[in-house]
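Comments concern the structure below.
The values are calculated or read from the model by the stated rules, or taken from the named source; none is laboratory data. Please read these numbers as outputs of a predicted model, since none were measured by experiment. Every residue, glycine among them, receives a Cβ derived from its backbone with ideal geometry; neighbour counts consider all protein chains shown.
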Amino acid sequence: MGLALAGGCSYSVLDTTGRLINNRYSESGVSAKFFGWCTNGLPITDKLERIINKTYIVLLQNNTELRATGGFAGSFAKITFDRKGLKDILVKDIYQPDGQLPGHVEPPYPIQESFKQGWWKLRDANWDADFASAAAAVSWFLEQGGEEKVDGVMAVNLDLLRGWLEVVGPMELVTFNETVTSKNLYTLAQRYAELRVGGNKTEKREFLGAVGAALWEKTRNAKPGQLVRLAGLMIDELSKKQILVWVKDEEVQGDFERMRWTGRLVTGWDGSGDYLYVVDSNLGANKADCCIDRGVRQEIEKGSPDRGKITLTLRNNNEFSAAKPPIFWGGDYIDYVRVIVPGTAVKITAVKVNGNNLRQATEKDFLIPNSTRQKRSEDMFVIERRGDLQIIGFWLVVPAKKEGTAQIELENGRNIPQEYKVWVKRQPGVEFFDYELLVNGEVRVHETIDRDRSILIKI
């Protein structure tokens with residue numbers, strides 16, 4: 001009997017998923033009722049009717065041009081559900097509503113110092129390291145650009161689409177005379193993006209729209225085994241923060257928060273011990289993140305207070321300093337770094353880039369509007385207070401074939417003498433980084449971080 005119930009539940013989950021995908025869902029149907037019984041008590045599944053019949057935006061982020069929430073969002077998909085499930089998917093170029101924005105919005109100073117355009121627009125709206133804040137900004141920019149109000153914003157990275165293609169297989173795009181696979185997706189997307197920059201403003205949108213339509217059609221006709229693999233892929237990407245979710249329904253958002261799918265700064269941190277989150281933003285208008293190796297080293301000297309040092313290492317393995325389309329899109333790494341640590345009982349004593357001491361910015365550095373700044377402030381760092389955290393921001397420029405380092409020295413009075421506890425976060429869009437922890441000069445941890453980790457060392 002147990003096996004029969006398990007088999008029935010598995011069937012109901014697959015059948016309900018298929019009905020949602022093919023717009024044939026009915027909450028009064030047998031599968032839906034059995035699905036509800038099988039998943040009773042599980043987060044989200046008891047709120048299915050509140051999640052469908054809404055409209056969502058999915059940012060399609062290219063994490064080879066890294067931004068705070070995963071990558072540069074050159075395109076987005078508007079996904080519409082009705083009560084029967086998925087109704088429509090429409091892929092758009094980010095520049096379409098971007099060009100409709102009325103008025104002027106003052107940019108964050110690193111955006112202006114890099115691009116010198118004098119404004120802030122949708123294309124750079126995923127700037128905040130806290131995804132809920134970034135998603136709210138994206139939603140606002142979309143509405144100002146003439147898009148309808150949406151019920152939530154999600155972000156996915158290029159690697160998810162690659163994994164999706166590995167499950168459902170290659171796709172033929174007849175209108176483009178292309179066969180799209182998991183291995184050539186990035187190259188083709190970049191080629192058509194370059195065509196857009198070259199003057200044909202419809203090419204990228206039409207290409208990604210064709211990919212989206214073909215991918216969804218293959219998914220609607222996927223076999224049960226493929227649906228199971230896709231579900232596993234989605235869960236894994238959510239657990240790694242390579243998919244981020246923000247919805248306006250506070251109760252549903254609360255469930256997402258508890259499942260750690262929302263990309264909030266404090267998600268997973270209980271407020272005790274230490275906290276470390278490094279956020280890179282590639283503002284070089286290139287795809288240099290294809291070839292960047294990252295390392296983070298923490299050194300702790302126990303005392304009253306503890307003294308510490310955080311060393312960031314970036315190795316730029318790009319062959320050339322600038323892009324060479326159509327075969328190479330990387331180059332020098334123009335990185336605005338944000339290092340996030342606790343805000344209470346932690347004092348920043350020095351910030352160095354490539355051995356040079358930076359000065360802390362003062363109010364005088366921002367007397368002029370951000371929109372008038374004309375060069376990178378590579379000689380200074382800023383500190384922003386955010387709840388129980390503080391964000392240290394500065395420039396780190398690494399030429400091709402070179403290595404760059406940054407060091408943050410601090411005093412930390414948060415930990416008890418017998419242990420060192422730290423919550424280490426990994427940025428969306430970054431697959432992994434090398435992490436090393438030294439306590440009193442002894443290496444206690446050396447591992448690869450591919451998702452958020454809690455680390456506790458007994459002294």
Restricting the range 95-123 to residues that are of a type outside the set (D, E, K, R), part of a loop (DSSP other than H, G, I, E, B) and in contact (Cβ under 8 Å) with a residue 60 or more places away in the chain, the one nearest to Ser371 (Cα to Cα) turns out to be Gly118
Scanning the range 256-280 for residues that are among the charged types (D, E, K, R) and crowded, with 21+ Cβ neighbours inside 10 Å gives Asp274, Asp280
Of the candidates Ala285, Ala214, the one satisfying the condition of being within 30 Å of Gln117 (Cα to Cα) and more than 17 Å from the chain's Cα centre (by Cα) is Ala285
Exactly one of Asn318, Asn354 is surrounded by 13 or more Cβ atoms within 10 Å (Cβ to Cβ), of a type outside the set (A, V, I, L, M) and in contact with a helix residue (DSSP H, G or I) (Cβ under 9 Å, 6 or more places away or on another chain), and that one is Asn318
Just one listed residue, out of Arg426, Arg451, is closer than 30 Å to Val156 by Cβ, outside the structural domain of Lys121 (by TED's automatic domain parsing) and at pLDDT below 95, and it is Arg451
Log entry, pairs with first residue in the range 359-381 being more than 21 Å from Ile391 (Cα to Cα), second being at pLDDT below 95 and surrounded by fewer than 10 Cβ atoms within 10 Å (Cβ to Cβ), beta carbons closer than 8 Å, six or more apart or on different chains, reads none
Checking Asp388, Asp450 in turn, the sole residue that is touching a residue at least 40 places away in the same chain (Cβ under 8 Å), exposed (fewer than 13 other Cβ atoms within 10 Å of the Cβ) and over 28 Å from Ser321 (Cβ atoms) turns out to be Asp450
- Go through the residues of the range 131-144 one by one and say whether even a single one is buried (at least 17 other Cβ atoms within 10 Å of the Cβ), in contact with a Gly (Cβ under 9 Å, 6 or more places away or on another chain) and assigned to a loop (DSSP other than H, G, I, E, B). no
Qualifying residue in the range 63-76 (condition: outside the structural domain of Pro369 (by TED's automatic domain parsing), modelled with pLDDT under 90, surrounded by 20 or more Cβ atoms within 10 Å (Cβ to Cβ) and not in a loop (DSSP other than H, G, I, E, B)): yes
With the first residue restricted to the range 124-147 and required to be among the charged types (D, E, K, R), and the second required to be modelled with pLDDT under 95 and assigned to a helix (DSSP H, G or I), Cβ contacts under 7 Å at 6 or more apart or on different chains are Glu147/Pro97
Scanning the range 323-334 for residues that are in a strand (DSSP E or B) and free of Cβ contacts under 8 Å to residues at least 60 places away in the same chain, the one surrounded by the fewest Cβ atoms within 10 Å (Cβ to Cβ) turns out to be Lys324
### Query
Does Ile94 satisfy being at pLDDT below 80 and either within 27 Å of the chain's Cα centre (by Cα) or not assigned by TED's automatic domain parsing to the domain that holds Thr219 (or both)?
no
Examine the range 43-52 for a residue that is at pLDDT below 60, out of contact with any Ser or Thr (no Cβ under 6 Å at 6 or more places or on another chain) and not basic (Lys, Arg), and state whether such a residue exists. yes
Any residue in the range 365-383 that is in the same structural domain as Ile334 (by TED's automatic domain parsing) and under 23 Å from the mean Cα position of the chain (by Cα)? yes
